[in-house]
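Notes for the one structure printed next.
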Amino acid sequence: WVAAAGTTWWAANRAVDAMAPRFETHGLVDDASIATALDTALSGEGARVHEAGDIDAAFTGGRTQTATYRVAAALHGAIEPTSATAEWSDGTLTLWMPTQAPTLARAAAARAIGISESRVVLHPTISGGSFGANLDHRVAEQSAVLARKLEKPVQLSWSRGEDCLADRYRAPAAARMTARLGRGGMILGWRAQVAAPRTGRDLARLLLGGDVAASLAMALPGDRGDALATDGAVPAYGIPNLAVDHHPAELGLPAGWWRSGAHSYTAFFTECFLDELAGFAGMEAHSFRIAMLGGDVALARCLSTVATMGGWQGGVPGSAQGIACHRMRGSAIACMAEAHIGDNQRVKVDRLVVAVDCGRVVNPDLVRQQIEGGLLFGMAMATGASTGFEANLPNVRGFGGLNLPRLADSPEIMIEIVESDADPGGVSELAVPVVAPAIANALHAATGRRYRSLPLLG
């Protein structure tokens with residue numbers, strides 16, 4: 001990295017532009033290389049991260065249904081660009097910065113300028129909606145180096161373009177889903193093969209660095225699956241024989257935590273494929289899910305609630321209605337979406353109806369706020385919030401290229417919090433994964449076409 005210091009941010013940013021630095025790179029990352037890496041990973045042998053029953057026996061001698069899904073890299077797109085303020089005085093470094101990992105940021109800053117952690121004072125500030133971006137502590141290292149070199153207080157801010165260029169993305173992923181249906185449309189066997197980078201290992205390297213990350217890398221041999229990369233891929237349904245395989249893919253992209261992690265794509269894979277299976281079985285999507293849930297009373301109540309609240313019409317052609325459900329962090333959620341493709345050939349989401357069972361609720365307003373925010377965040381992921389790559393660089397450099405939903409695009413939202421005496425579950429990321437599959441299933445009802453890639457129409 002290079003930096004320029006000035007008496008105003010504008011002057012410093014113009015100076016960086018005037019430098020026009022060129023960086024030496026090795027290898028090529030672009031859309032084609034990413035697609036090839038994911039396809040190669042899927043065609044290779046995966047590592048089993050979850051298994052129940054006998055999947056091989058379930059698939060023997062019977063017809064199976066298969067579909068392949070893909071998701072593009074996602075940017076954090078936080079309103080607040082990356083920033084930190086640092087001061088070096090009397091042998092002590094003082095930092096003011098928004099961070100979700102203050103202890104790790106403090107340690108990283110100390111390592112960057114070769115001092116002990118005891119000589120670093122960090123004041124965590126309000127972090128805004130970073131969605132995981134502020135787990136990264138590179139700005140702490142950079143501001144520490146600059147303050148030490150200049151021996152003056154430094155307020156370092158990344159430009160919006162730099163935020164996009166240097167993001168640690170939610171990595172692209174692909175999945176091959178396979179299932180066998182039995183009598184009455186019951187799923188006899190289910191296999192999810194997920195191609196994605198080893199995000200658990202990469203996240204540990206990002207957060208811990210140094211010797212700890214090196215030790216972790218040794219503990220994670222190349223042929224072992226990464227459970228964090230397939231988090232949420234185990235269906236919440238009573239399927240007797242199932243398997244989840246991780247096919248590690250080396251994409252050459254920096255990866256980080258993104259709101260809801262792997263759930264953001266595994267729920268899309270699962271709930272879209274389940275809708276396809278309902279069609280093969282000749283069953284209505286809501287009833288198909290209820291029949292498969294087994295003893296999951298909470299998820300069944302959520303599904304029944306959204307169907308009643310939303311006026312579910314069965315997802316029949318022309319209804320423009322889709323449904324999806326998911327479990328995460330001990331909570332259950334179901335979402336019914338109404339969506340269509342507008343005259344401008346963009347996805348238009350008209351309504352989102354949601355039921356949430358997160359156990360005993362202490363503050364309903366906070367739960368509602370988290371669900372509403374998660375729904376809009378998930379809607380952004382369904383329609384944009386991603387980037388392609390060309391010549392080792394992302395081709396999105398600002399909000400204008402992210403196709404984010406605006407106020408005029410925001411749908412009518414109805415939320416029902418199901419009363420429960422169970423232990424409280426998590427809600428901060430719960431609503432994000434369920435929206436994209438609900439919208440994709442709604443578009444199928446509206447158009448008759450299956451949408452198997454995110455962003456939709458991307």
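The values are calculated or read from the model by the stated rules, or taken from the named source; none is laboratory data. Owing to the predicted nature of the structure, the values given are computational and were not obtained by experimental measurement. Backbone-built Cβ (ideal geometry, glycine too); neighbour counts: all protein chains shown.
Just a few scattered comments:
- Filter result for Thr125 (within 27 Å of Arg201 (Cα to Cα), β-branched (Val, Ile, Thr) and within 25 Å of the chain's Cα centre (by Cα)): no
- Candidates Arg119, Arg138: the one that is surrounded by fewer than 19 Cβ atoms within 10 Å (Cβ to Cβ) and within 16 Å of Ala166 (Cβ to Cβ) is Arg138.
- Residues in the stretch 413-427 that are surrounded by 15 or more Cβ atoms within 10 Å (Cβ to Cβ), among the small types (Gly, Ala, Ser) and in contact with a Ser or Thr (Cβ under 9 Å, 6 or more places away or on another chain): Gly425 alone.
- Every residue from the stretch 8-35 that is of a type in the set (Gly, Ala, Ser), part of a loop (DSSP other than H, G, I, E, B) and under 31 Å from the mean Cα position of the chain (by Cα): Gly27
- Scan of the stretch 87-102 for residues that are surrounded by 18 or more Cβ atoms within 10 Å (Cβ to Cβ), under 9 Å from Arg148 (Cα atoms) and either out of contact with any strand residue (DSSP E or B) (no Cβ under 9 Å at 6 or more places or on another chain) or aliphatic (A, V, I, L, M) (or both), ordered by number: Leu93
- Considering residues of the stretch 412-437 that are of a type in the set (A, V, I, L, M) and under 16 Å from the mean Cα position of the chain (by Cα) only, the residue nearest to Ala300 (Cα to Cα): Val434
- For first residues located in the stretch 159-176 and assigned by TED's automatic domain parsing to the domain that holds Phe269, partners that are among the aromatic types (Phe, Trp, Tyr) and in a strand (DSSP E or B) and lie 6+ apart or on another chain with Cβ distances below 6 Å form the pairs Ala175/Tyr69.
- Flag for Leu38 being out of contact with any helix residue (DSSP H, G or I) (no Cβ under 8 Å at 6 or more places or on another chain), part of a helix (DSSP H, G or I), in contact (Cβ under 8 Å) with a residue 24 or more places away in the chain and farther than 30 Å from Thr125 by Cα: yes
- Candidates Gly378, Gly400, filtered to the one that is part of a helix (DSSP H, G or I) and closer than 16 Å to Gly161 by Cβ: Gly400
- From the list Ala108, Ala84, the lone residue that is part of a strand (DSSP E or B), touching a residue at least 60 places away in the same chain (Cβ under 8 Å) and on the phi < 0 side of the Ramachandran plot is Ala84.
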